[in-house]
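Student: Here it is, the structure in full.
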Amino acid sequence: MRKLIGILLLFLVFALISCGPDPVKYNDDLIGSLNSADSEYERFYSMVKQYYNNETGDLSGLSKGARDAAKVMGDRLERMKGLEIPSDGEEFKKASVAYVELIKKSMDGFVAERDKLSKDQLEKAVEQLDAMEGLLDKQNDQIDKVQKAFADKKGFQVIEFQKEGK
């Protein structure tokens, strides 16, 4: 009887240990969200450059585009924050969330009340966007560091893919 209880207890402990979130799926979910955030940011940055270089005076489209992009980024942040964290995954999540928060903050600078973005607001937002580039690079380096540490602890390998032309 004791052997049976011992075996059942061992089985229960094993089942409870193996029931957490899958670390590889967690990694893939965070990296997928970060890649989507980067793509959205690149589209946003292109839109800003187009408006900034065009100087038509009508900046309402830029403000509306920024509002829409910031909403998408906010939704992405909420999904990332809601991910169930496997053991040793907290730092990876914090670094990833901080990166997307920086992107959203740079987008928020272009949102104006009733989409009436002034030239002064545009100048200030563009300066903030340029300053944000260095912060994003540093945060990206931090993500790489904590992702590698997470992968090492969980026993999987991170494979980097290079974009063409880089």
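Student: Please tell me which of these pairs span more than 22 angstrom C-alpha to C-alpha: LYS25/LYS71; LYS71/LYS138; LYS105/LYS153; LYS71/LYS94; LYS25/LYS93?
Tutor: Check vs 22 Å cut-off fails for LYS25/LYS71; LYS71/LYS138; LYS105/LYS153.
Student: Which GluC sites (Glu not before Pro) does segment 72-166 hold that lie in a coil by DSSP with at most 15 other beta carbons within 10 Å?
Tutor: Here the GluC sites (Glu not before Pro) that fit, given the DSSP loop and packing criteria, are GLU84, GLU160, GLU164.
Student: Which whole-Hz couplings ³J(HN,Hα) result when phi for each residue of segment 93-105 is put into the Karplus expression 6.51 cos²θ - 1.76 cosθ + 1.60, θ = phi - 60°, listed in order with x for Gly and Pro?
Tutor: Residue by residue, segment 93-105 yields 5, 4, 5, 5, 5, 4, 4, 5, 5, 5, 4, 4, 4 Hz.
Student: Can you compute the modelled spin-label distance between TYR52 and ASP152, with each label point 7 Å from Cα toward Cβ, in nm?
Tutor: 3.8
Student: If you don't mind, there's one more thing I want to ask. Taking a ≥ b ≥ c as the square roots of the Cα gyration tensor eigenvalues, with a/c under 1.5 meaning rounded and otherwise prolate when a/b beats b/c, else oblate, which class fits segment 52-166?
Tutor: prolate
Student: Shifting gears a bit: What is the spin-label model distance, in nm, from ILE85 to LYS25 if the labels are put 7 Å beyond Cα along the C-beta direction?
Tutor: If labels sit at ILE85 and LYS25, their model points lie 1.9 nm apart.
Student: Another one. Please give the length that would be gained between LYS145 and ARG43 if that part of the chain were fully extended, namely 0.36 nm times their separation in residues minus their C-alpha to C-alpha distance (nm, one decimal).
Tutor: Between LYS145 and ARG43, full extension yields an extra 34.1 nm.
Student: Let me ask something else about it. Rounded, prolate or oblate: which one fits segment 17-107, using the alpha carbon gyration tensor with axes a ≥ b ≥ c (rounded when a/c is under 1.5, else prolate when a/b beats b/c, else oblate)?
Tutor: Prolate shape, in that a/c is at least 1.5 and a/b is the bigger ratio.
Student: Then there's this: Per residue, how much accessible surface does segment 80-153 expose to a 1.4 Å probe? Answer in Å², no decimals.
Tutor: It amounts to 56 Å² per residue over segment 80-153.
Student: Can you compute 3J(HN,Hα) from phi for each residue in segment 145-159, using the Karplus curve 6.51 cos²θ - 1.76 cosθ + 1.60 with θ = phi - 60°, rounded to whole Hz and x for Gly and Pro?
Tutor: 5, 6, 5, 4, 4, 4, 4, 4, 5, 8, x, 10, 10, 8, 10
The values are calculated or read from the model by the stated rules, or taken from the named source; none is laboratory data. Everything quoted here is computed from the prediction, not taken from an experiment. Every residue, glycine as well, gets a Cβ built from its backbone with ideal geometry; the counts of neighbours run over all protein chains shown. For the accessible areas, the whole protein counts, side chains as well, though only heavy atoms, and no ligand, DNA or RNA atoms are used. Shrake-Rupley method; radii C 1.70, N 1.55, O 1.52, S 1.80 Å.
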